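Presented below is the structure to which this report refers.
Rule-based calculations on the coordinates, nothing more; no lab input. Keep in mind the model is a prediction, meaning the values are calculated, not measured. Cβ placement follows ideal geometry from the backbone for every residue including glycine, while neighbour counts extend to all protein chains displayed.
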Amino acid sequence: MDKTERLEWLNNNRTETEEIILRRRSVRLYKKEQVPEFMIKRILETGRYAPSAGNYQPWKFVVVRDGKIIDQLTDTVIDKCKSLKKIIDYRRPGFGWLRPIANLLIRLKSNELHPAPFGAISMIADGTLGLYHGAPTVIFIFKDVRGVSNPDLDCGIAGQNMVLAAHSLGLGTCWVGFAKLAFEGKNNWNDFFKIKYPYKFISSIGIGWCKGDPDGMIPRQTHAIDWYEDNESKTIF
Ligand SMILES: Cc1cc2nc3c(=O)[nH]c(=O)nc-3n(C[C@H](O)[C@H](O)[C@H](O)COP(=O)(O)O)c2cc1C
């Protein structure tokens with residue numbers, strides 16, 4: 001295929017990489033069967049090769065393939081969600097006095113206690129939303145806080161490399177940010193995983209064999225994109 005033919009083909013077809021990116025879905029139902037070790041090692045390798053500011057690679061990955069540990073950590077998160085729900089949910093009869101405390105907390109942690117995550121926190125507390133959804137392998141991502149520029153972003157890029165690599169291997173994944181609760185405050189899991197300065201929990205990814213076929217493109221919001229070229233500008237959608 002010469003360059004013109006290749007461009008013509010690309011204009012009408014998606015590459016395998018694009019298909020992997022566009023059809024990936026977060027998976028919340030897994031088979032019990034463990035994922036072969038070699039696959040997880042291959043996934044980790046794609047995290048290791050992620051770009052990072054100054055090539056600082058400010059991350060540490062911890063792999064957990066022990067159902068008991070995943071369940072116990074989940075229990076910690078459920079307990080913390082229950083406590084958070086008790087404080088924030090001042091609308092329960094007789095708990096109006098909690099309102100100023102709840103509002104202060106919501107202001108201090110505006111990202112984490114946004115209505116969307118707070119809804120999920122309530123559901124985890126009530127047992128209507130799982131944490132790892134039965135994924136037999138979890139990769140925890142910790143950032144090196146000394147990282148150049150923005151280590152959170154670097155960790156996110158490494159994590160997404162791993163998510164897409166897992167998908168390309170035929171596996172399902174789900175980012176699980178709520179695990180953060182297990183790494184803060186009392187009874188946290190930092191000691192268990194020997195996490196100390198300069199490392200700090202960023203997020204985690206559950207990985208396993210999907211039950212059913214969750215893949216597919218779903219509608220996404222269309223964001224306006226401003227485009228500047230040849231002394232002109234336009235907005236595309
Ligand atoms: C950083 C991050 C944290 C997330 N945390 C959770 C989580 O704790 N629990 C969960 O079920 N999904 C979690 N998700 C998955 C999102 O809900 C999901 O990506 C989003 O709804 C879009 O759906 P899709 O991944 O199927 O395209 C997280 C996603 C990201 C990127």
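Would you mind finding the one in 135, 165 that is not in a loop (DSSP other than H, G, I, E, B) and not acidic (Asp, Glu)?
Sole residue among the options that is not in a loop (DSSP other than H, G, I, E, B) and not acidic (Asp, Glu): 165.
Take residue 147 and tell me if it is over 19 Å from the mean Cα position of the chain (by Cα) and buried (at least 19 other Cβ atoms within 10 Å of the Cβ).
yes
The conditions are (1) without any contact (Cβ under 8 Å) to a residue 24 or more places away in the chain; (2) under 30 Å from residue 153 (Cβ atoms), and residue 30 fails exactly one of them. Which is it?
Tallying (1) without any contact (Cβ under 8 Å) to a residue 24 or more places away in the chain; (2) under 30 Å from residue 153 (Cβ atoms), residue 30 fails exactly one: (1).
Which of the residues that make up the range 108-140 are among the hydrophobic types (A, V, I, L, M, F, W, C), farther than 15 Å from residue 81 by Cβ and away from the ligand (no atom under 11 Å from the Cβ)?
Answer for the range 108-140, where residues must be among the hydrophobic types (A, V, I, L, M, F, W, C), farther than 15 Å from residue 81 by Cβ and away from the ligand (no atom under 11 Å from the Cβ): 108, 138, 139, 140.
So which residues in the range 188-237 are polar (S, T, N, Q), more than 21 Å from the chain's Cα centre (by Cα) and either surrounded by 15 or more Cβ atoms within 10 Å (Cβ to Cβ) or assigned to a loop (DSSP other than H, G, I, E, B) (or both)?
Residues satisfying the conditions are 222, 231.
Checking residue 180 against (1) touching a strand residue (DSSP E or B) at 6+ places or on another chain (Cβ under 8 Å); (2) not in a helix (DSSP H, G or I), which single condition isn't satisfied?
Condition (2) is where residue 180 drops out.
Mind listing just one residue for me: the one in the range 173-187 that is crowded, with 17+ Cβ neighbours inside 10 Å and more than 13 Å from the chain's Cα centre (by Cα) and, of those, nearest to the ligand (Cβ to nearest atom)?
181
Kindly evaluate residue 147 against the criterion of being closer than 28 Å to residue 129 by Cβ, in contact (Cβ under 8 Å) with a residue 12 or more places away in the chain and not polar (S, T, N, Q).
When the stated conditions are applied, residue 147 does not pass them.
Residue pairs, Cβ under 9 Å, 6 or more apart or interchain, first in the range 83-94 and in contact (Cβ under 8 Å) with a residue 40 or more places away in the chain and within 12 Å of residue 122 (Cβ to Cβ), second aromatic (Phe, Trp, Tyr) and surrounded by 13 or more Cβ atoms within 10 Å (Cβ to Cβ). List them.
Every condition considered, the pairs that remain are 84/118; 85/118.
With the checklist (1) within 19 Å of residue 152 (Cβ to Cβ); (2) within 15 Å of the ligand (Cβ to nearest atom) in hand, flag the one item residue 73 doesn't pass.
(1)
Among the residues of the range 188-220, write down those that are within 13 Å of the ligand (Cβ to nearest atom) and in contact (Cβ under 8 Å) with a residue 60 or more places away in the chain.
Listed by number, the residues that qualify are 201, 202, 203, 204, 205, 206, 210, 214, 215, 216, 217, 218.
Assess whether residue 157 counts as being β-branched (Val, Ile, Thr), more than 10 Å from the ligand (Cβ to nearest atom) and assigned to a loop (DSSP other than H, G, I, E, B).
Against the criterion (β-branched (Val, Ile, Thr), more than 10 Å from the ligand (Cβ to nearest atom) and assigned to a loop (DSSP other than H, G, I, E, B)), residue 157 does not qualify.
Between a residue in the range 48-69 that is on the phi > 0 side of the Ramachandran plot and any residue that is part of a helix (DSSP H, G or I) and buried (at least 16 other Cβ atoms within 10 Å of the Cβ), which pairs come within a Cβ distance under 9 Å, given they are 6 or more apart or on different chains?
Pairs found: 57/154; 57/158.
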